[in-house]
Amino acid sequence: MALFAMGLLLSGQTFHVSIPSLANVAFKNLLQPAVMWSFALLLGVAGLSLREMILLGALPTASMTAMFAVQYKVYENDSNATIVVSTVFSVVSLGAIIALTS
């Protein structure tokens with residue numbers, strides 16, 4: 001359902017990748033998993049729970065952000081670009097994180 005809703009949102013918007021959207025992707029796909037990894041190690045989490053925490057932090061940006069952006073008419077193009085680029089980049093980032101945590 002989320003993919004269908006995202007498709008509807010993207011069909012009505014122009015796709016333009018900007019510096020803010022690339023920064024969002026870097027924070028979401030790279031920095032957030034690193035922070036999750038740091039907190040997990042700091043709290044003594046190990047094994048499968050550690051891996052799950054890191055992978056959950058590395059998931060692409062949720063489509064709800066674009067829905068809120070369209071509803072309130074703010075940050076619409078950047079939010080849509082962030083979701084698309086984050087989802088495409090997550091193929092690489094999730095693969096790398098799975099390899100690192102194995």
Only one of (1) more than 14 Å from the chain's Cα centre (by Cα); (2) crowded, with 16+ Cβ neighbours inside 10 Å; (3) outside any helix (DSSP H, G or I) fails for T61. Which number is that? (1)
Only one of V35, V17, V74 is of a type in the set (A, V, I, L, M, F, W, C), assigned to a loop (DSSP other than H, G, I, E, B), over 11 Å from the mean Cα position of the chain (by Cα) and surrounded by 11 or more Cβ atoms within 10 Å (Cβ to Cβ), namely V17
Given the residues V45, V25, V84, V91, which is the only one that is under 19 Å from L3 (Cβ atoms), buried (at least 17 other Cβ atoms within 10 Å of the Cβ) and either touching a Pro at 6+ places or on another chain (Cβ under 8 Å) or at pLDDT 90 or above (or both)? V25
For segment 75-102, pairs from a residue that is of a type in the set (S, T, Y) to a residue that is outside any helix (DSSP H, G or I) and surrounded by fewer than 17 Cβ atoms within 10 Å (Cβ to Cβ), with Cβ under 8 Å and 6 or more apart or across chains, are S90/L59
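The values are calculated or read from the model by the stated rules, or taken from the named source; none is laboratory data. Please read these numbers as outputs of a predicted model, since none were measured by experiment. All Cβ positions, even for glycine, are placed from backbone atoms using ideal geometry, and neighbour counts span all protein chains on display.
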